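Q: Just dropping this structure here.
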Amino acid sequence: FFFFSSRRRHTRFLPVSWARRCVQETGVIGAAFRRFVYSTGRALRELGLAMDARGSRLTNDAAYLEQLSRHRNIMPIYELQPSILIDSFVAPNATVVGEVLIGSQSCIWYGAILRGDNHAIRIGNHTNIGDNTVITTSMALPPGIPESVNIGNNVNIQQNCSINSCIIDDDCVIGFKSVILEGVRIERGSVIAPNSLVPPGSLIPSNQLWAGSPVEYVRDLRPEDVKTIRDMNEDSVESVSYTHLRAHETPEHLVCRLLLEKKKK
C-alpha cells in the first residue's frame, strides 16, 4: 500500500512506513493511528481464521474442528507494550498485558496475571511472581497516591497473591494468599506473613514482620534474618528460573544464555 501525494508538477508515492513514522510523532493523531493499525491487524487475523475454517470444511479437512488454545501470554493493548528482558522467564500460561516492564532474571510463574491496562506495572531484577498471583492497577486514586505498581529487586511474591497499585521495595517477601491493596508501601526487607491483608494506604516499615487480616506488627527482623531472606530470594530465582527458561528456550534465549555464560567466564 502507498499514500498518494502531489506536489507542484510531479507526483510521488510515499511508503506506509514513512507515513507511519510521521503520524506517530503527532500525539493524539499518533495514538489514533496506532489504534487503527492494531484494530486492522486484529480484523485481518480473525478473517484469516474464519476463511481457514471455511476452506477446511469445504475440503473435508477435520483440522478446523481442533480446539486449539489461542492464549497469548504476552499481549499489547493498542500503544501499551510489555517490555521484558530476554533473560527473564514468563511461563507459557501466564498473562502479561499492556504496560508491564520486567527486569533481568525475574520470573513470572504459571497462571500469574499482570494487567498493565490502566497504569504501568514495573518489576525489578531477580524478582519472583508466584503461581496464580494477580497484579492490577486502579483506574484512579486520590491525589498523592500512585496508581501504578512498583516492585523492586530481589522480591519474592509467593503463590495466589493479589496486588493492586502499591509499592514494594527491594528484598521483601509477600507470603502466599496475601492481599496488598491500593496505596500500600512496603519498605525494604519487610515480610508479610501468609494469608495476610494489608489495608489501603498502609505503610510497612523496613525490616519488620507483619501478619494477620488486617495486618499487625509482629516483630523486627534480626540482621541474620534479613541476610537469609535475601540469599534465599536470589538462590531460588537464579536456580529454578534458569531450569524453566532452558526448558522453554527460544533461539533468542539461547543466544542470550551463551553470551551470559561467556561473560561469566
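The values are calculated or read from the model by the stated rules, or taken from the named source; none is laboratory data. The structure presented is a predicted model; accordingly, all values stated were derived computationally and were not measured. Neighbour counts run over all protein chains shown; Cβ positions are idealised from the backbone, glycine included. Ligands, DNA and RNA are stripped out before the accessible areas are found, and what is left, the full protein with its side chains, is counted by its heavy atoms. Shrake-Rupley method; radii C 1.70, N 1.55, O 1.52, S 1.80 Å.
Q: Would you mind estimating how fast the range 56-167 diffuses translationally, via Stokes-Einstein at 25 °C and 0.890 mPa s with the Kirkwood radius over Cα pairs, in µm²/s?
A: Translational D for this selection: 164 µm²/s.
Q: Same structure, new question: Once the whole set of protein chains is in place, how much accessible area is left on T59, using a 1.4 Å probe, in Å² to the nearest 10?
A: Counting only protein heavy atoms, the figure is 100 Å².
Q: Send over a whole-number figure in Å² for the accessible area per residue of the range 82-138, probe 1.4 Å.
A: Ligands and nucleic acids excluded, the figure is 30 Å² per residue.
Q: Tell me, what is the FRET efficiency for K227 and A32 to the nearest 0.05, using R0 = 51 angstrom and their Cβ-Cβ distance as r?
A: 0.45
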